[in-house]
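What follows is one structure encoded as structure tokens, with my remarks underneath.
The values are calculated or read from the model by the stated rules, or taken from the named source; none is laboratory data. Not measured: the values here are computed from a predicted model. With ideal geometry, Cβ positions are generated from the backbone for all residues, glycine too; neighbour counts draw on all protein chains shown. We work out accessible area using only protein heavy atoms, side chains counted, and drop any ligands, DNA or RNA first. Shrake-Rupley method; radii C 1.70, N 1.55, O 1.52, S 1.80 Å.
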Amino acid sequence: MKAEGIKMEKLAQRYEGKAKKVYDTTDHNYYWIEYKDDATAFNGQKRGTIEAKGVVNNKMSALLFEYLENNGIETHFVKLLSDREQIVRRLDMIPLEIVVRNVVAGSLSQRVGKEEGYVLKKPVFELYYKDDELGDPMVNDSHALALGWATRRQLDDMQDMALRVNELMRALWEKAGITLVDYKLEFGVWEGHVLLGDEISPDTCRFWDRETGEKLDKDRFRRDLGNVEEAYAEVYRRLREALDNV
Ligand code: UDP
């Protein structure tokens with residue numbers, strides 16, 4: 001899907017999330033997104049600021065959505081406006097998160113009793129119901145269907161897209177010298193079909209340096225490892241280099 005010509009103005013704020021503000025625009029079909037430096041973890045229990053995070057996440061998401069679009073994945077991304085702002089299509093969000101895993105880390109490590117770093121024999125796909133009050137519980141397809149969160153067709157489309165996104169993302173991040181450990185995707189409906197939405201950034205992915213294993217993502221904030229800003233900047237720099245060589 002090609003970027004439409006943009007002639008819209010920013011209107012009132014519609015919603016303020018943990019990492020982004022969402023504004024209406026003069027065109028009802030689009031949102032104006034502003035990425036913030038605020039960081040939260042553990043369902044909002046840990047709060048802080050990561051300087052320039054909003055800039056990295058905004059620009060990195062834009063680059064990744066463009067890369068995916070160029071490779072046949074439809075996304076909500078339309079246009080980068082500034083360091084912190086982008087225009088996206090206004091999706092009817094499906095209240096599910098798909099977590100894709102290539103290597104064991106985080107909550108999976110505890111759940112299956114495997115050490116962080118265990119390389120999975122094939123990618124794992126997990127569904128979570130998006131609800132802060134419930135702490136985003138893990139669910140399966142039958143929950144999603146029985147509770148009316150998505151149709152069979154939408155679940156199949158999300159699954160197919162997640163599989164394809166994973167192939168494309170792994171190839172790209174390998175060029176950047178980074179292991180794509182795991183990440184979270186969100187989807188929504190636009191004109192009747194499923195598009196990839198939200199963001200793809202060090203807030204939503206685990207990135208490990210392929211040589212040293214160093215963590216280059218939000219785990220540095222979650223686990224108080226220090227050099228958080230530097231890690232976000234480094235991963236963005238390497239992504240740009242890798243895209244120059246695609
Ligand atoms: N993730 C996310 N938002 C969420 C939950 C998970 O972006 O609400 C990402 C997280 O950054 C990691 C992956 O999904 O890259 C898997 O997270 P996991 O389930 O291991 O949870 P965590 O260890 O972060 O509690």
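General observations
- Being within 16 Å of the ligand (Cβ to nearest atom) and open to solvent by 20 Å² or more (accessible area, probe 1.4 Å) is not true of Glu69.
- Where Phe42 falls short, out of the listed (1) under 14 Å from Lys20 (Cα atoms); (2) touching a residue at least 40 places away in the same chain (Cβ under 8 Å): (1)
- Of the set (1) in contact with a strand residue (DSSP E or B) (Cβ under 6 Å, 6 or more places away or on another chain); (2) among the β-branched types (Val, Ile, Thr); (3) surrounded by 20 or more Cβ atoms within 10 Å (Cβ to Cβ), all apply to Val22 but (3).
- Flag if Gly148 is assigned to a loop (DSSP other than H, G, I, E, B) and in contact (Cβ under 8 Å) with a residue 12 or more places away in the chain: no
- When the stretch 121-135 is limited to residues that are within 9 Å of the ligand (Cβ to nearest atom) and open to solvent by less than 40 Å² (accessible area, probe 1.4 Å), the one that is nearest to Val99 (Cα to Cα) turns out to be Glu126.
- Residues satisfying the stated conditions in the stretch 168-179, i.e. open to solvent by 10 Å² or more (accessible area, probe 1.4 Å) and under 24 Å from Tyr128 (Cβ atoms): Leu168, Arg170, Thr179
- Taking the listed residues Asp198, Asp209, Asp203, Asp182, the one that is of a type outside the set (Gly, Ala, Ser), open to solvent by less than 70 Å² (accessible area, probe 1.4 Å), within 16 Å of the ligand (Cβ to nearest atom) and on the phi > 0 side of the Ramachandran plot is Asp198, with no other qualifying.
- Looking only at the stretch 35-51, and only at residues there that are of a type in the set (S, T, N, Q) and open to solvent by less than 100 Å² (accessible area, probe 1.4 Å), the one that is modelled with the lowest pLDDT: Asn43
- Among (1) of a type in the set (D, E, K, R); (2) part of a helix (DSSP H, G or I); (3) touching an Asp or Glu at 6+ places or on another chain (Cβ under 9 Å), the one test that Glu69 misses: (3)
- One residue alone among Leu196, Leu168 is more than 12 Å from the chain's Cα centre (by Cα) and not basic (Lys, Arg), and that residue is Leu168.
- Taking the criterion of being among the polar types (S, T, N, Q) and surrounded by fewer than 19 Cβ atoms within 10 Å (Cβ to Cβ), the residues of the stretch 89-120 that qualify are Ser107, Ser109, Gln110.
- Screening Val100, Val88, Val78 for residues that are within 11 Å of the ligand (Cβ to nearest atom), in a strand (DSSP E or B) and touching a residue at least 40 places away in the same chain (Cβ under 8 Å) leaves exactly one candidate, Val100.
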